[in-house]
Amino acid sequence: MKAIQFHEAGGPDVLRYDDVPVPEIGPGEVLVRVHAAGINPPDWYLREGLTVMPPEMRPALEFPLTPGTDLSGVVEAVAPDVREFAVGDEVFGMLRFPGFDGRTYAEYVAAPVSDLARKPAALDHVQAAGAPMAVLTAWQYLIDLGHEVPSPFTGRVHSPVPLAPGMTVLVNGAAGGVGHFAVQLATWKGAHVIAVASGRHEQFLRKLGADEVIDYTTTDATEVTRDVDVVIDAVGGPGAARFLTVVKRGGTILPVFFAEYDPEETARLGIAVSNIQVRSDGPQLATIGRLFDEGKLQVGVDSTYPLSDAAGAHARAARGHIQGKIVLTVLP
Ligand SMILES: NC(=O)c1ccc[n+]([C@@H]2O[C@H](COP(=O)([O-])OP(=O)(O)OC[C@H]3O[C@@H](n4cnc5c(N)ncnc54)[C@H](OP(=O)(O)O)[C@@H]3O)[C@@H](O)[C@H]2O)c1
């Protein structure tokens, strides 16, 4: 079969379209004929050699590596102990995360059934492949963590703030993968949603339910917003703590990417800061799948690239300003 591999860390050009054996399935696994594979930031962090991670958290890498966690496809074979899925089922999922052995940039993938759900009928394979990591991240931050594993960043177990009408949620990085699902989930729960993104995304975000859209290229959201209940920040990085001024006492900041907050300052302001590392969860995807089928959630597709041009897809990602998801088409 064909799969994307890289034999050394580096830029998008290290991604090669190689011939490799079809993977064998073990207990609890199915073989999936991949129709589409979604692209997520951990894919390019891995390609770059995980230099984004602090050295003490960085695992040793053994090349060649095949990136990818997210897929949508059709079950081609099942292990003898598998009862959940049968040959011919359409499935989607995020495989073995946290971890870097999902290997979904390939024509066939061995997938643990615990990480899969039936593909929502309302989504085609491209849309379904775009959803898993981004929607599970927004879901586990905002709706239901689904496990008791402490965050590796704080050592604490995250507990989502129950969202309800009358509450205000600000989503920073609102047009990206995680952000556009956070906007829709907060809207679904009846919250007033403020989306912060560059201006080109305004129509996209209003269609997804945003009540206000702030163009960060012309307006500093922290100067025009106050008394927010929850900030979910998919941008993070240095300067993220400026969002403390927009959150009311008793409110919460959810940094999706690394961001440093001074614990003494957040305690003085009465603001909780909580984060998670998203985890694979097939049953949660089944629940979320019903929202796709009911039309309460949709997947924004920024662009598609054939599997053979994974390098082009990663180059697109590096240019930033992503609207929704970038997806690799594997079986046209
Ligand atoms: N904790 C976890 O488990 C977890 C899980 C998934 C992802 N993440 C992290 O979360 C981050 C977001 O992931 P993603 O998949 O959503 O990324 P993404 O699809 O690349 O989206 C990032 C978005 O941020 C916007 N943006 C960039 N600079 C901005 C700024 N200064 N203010 C507001 N928006 C800005 C970009 O578009 P515009 O600039 O055009 O608005 C883009 O739409 C990544 O760093 C990823 O590593 C963490």
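The values are calculated or read from the model by the stated rules, or taken from the named source; none is laboratory data. Please read these numbers as outputs of a predicted model, since none were measured by experiment. Methodologically, a virtual Cβ is constructed for each residue, glycine included, from the backbone with ideal geometry; neighbour enumeration extends over all protein chains shown.
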Please list, ordered by first then second residue, the pairs with beta carbon atoms under 9 Å, 6 or more apart or interchain, first in segment 72-83 and under 10 Å from A111 (Cβ atoms), second acidic (D, E).
G73/E90; V75/D89; V75/E90
Count - residues of segment 91-123 that are without any contact (Cβ under 8 Å) to a residue 60 or more places away in the chain and surrounded by fewer than 19 Cβ atoms within 10 Å (Cβ to Cβ)
2
Helices (runs of 4 or more DSSP H) enclosed by segment 160-242 - at least 1 residues per element that are away from the ligand (no atom under 12 Å from the Cβ), surrounded by fewer than 16 Cβ atoms within 10 Å (Cβ to Cβ) and among the acidic types (D, E)
221-224
Out of (1) of a type in the set (D, E); (2) away from the ligand (no atom under 16 Å from the Cβ); (3) under 30 Å from P54 (Cα atoms), the one D281 does not meet is (2)
With the requirement that a residue be in contact with a strand residue (DSSP E or B) (Cβ under 9 Å, 6 or more places away or on another chain) and on the phi > 0 side of the Ramachandran plot, what does segment 237-280 give you?
G250, G270
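For segment 314-331, does any single residue satisfy the condition of being modelled with pLDDT under 95 and closer than 30 Å to M1 by Cα?
Here is the first cut: in segment 314-331, the residues modelled with pLDDT under 95 are 331.
Now restrict to residues that are closer than 30 Å to M1 by Cα: 331.
Within segment 314-331, one or more residues are modelled with pLDDT under 95 and closer than 30 Å to M1 by Cα.
Considering only residues that are surrounded by 15 or more Cβ atoms within 10 Å (Cβ to Cβ) and within 12 Å of the ligand (Cβ to nearest atom), look in segment 315-326 and name the one that is farthest from the chain's Cα centre (by Cα). Give the derivation first.
First, the residues of segment 315-326 that are surrounded by 15 or more Cβ atoms within 10 Å (Cβ to Cβ): 315-317, 322-326.
Add one more test, that the residue is within 12 Å of the ligand (Cβ to nearest atom), and what stays is 316-317, 322-326.
Values: R316: 17, A317: 14, I322: 13, Q323: 13, G324: 10, K325: 9, I326: 11 Å.
The extreme case among them is R316.
Is it true that P23 is assigned to a loop (DSSP other than H, G, I, E, B) and either closer than 21 Å to Q277 by Cβ or within 16 Å of the ligand (Cβ to nearest atom) (or both)? Explain how you work it out, then say what you get.
Details: assigned to a loop (DSSP other than H, G, I, E, B): yes; either closer than 21 Å to Q277 by Cβ or within 16 Å of the ligand (Cβ to nearest atom) (or both): no.
Taking the combined requirement at face value, the residue does not satisfy it.
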Return the pairs, sorted by first residue and then second, in which the second residue is assigned to a strand (DSSP E or B), the first residue lies in segment 236-256 and is of a type in the set (S, T, Y), the beta carbons are less than 8 Å apart, and the residues are 6+ apart or on different chains.
T252/D229; T252/V230; T252/V231; T252/A272; T252/V273
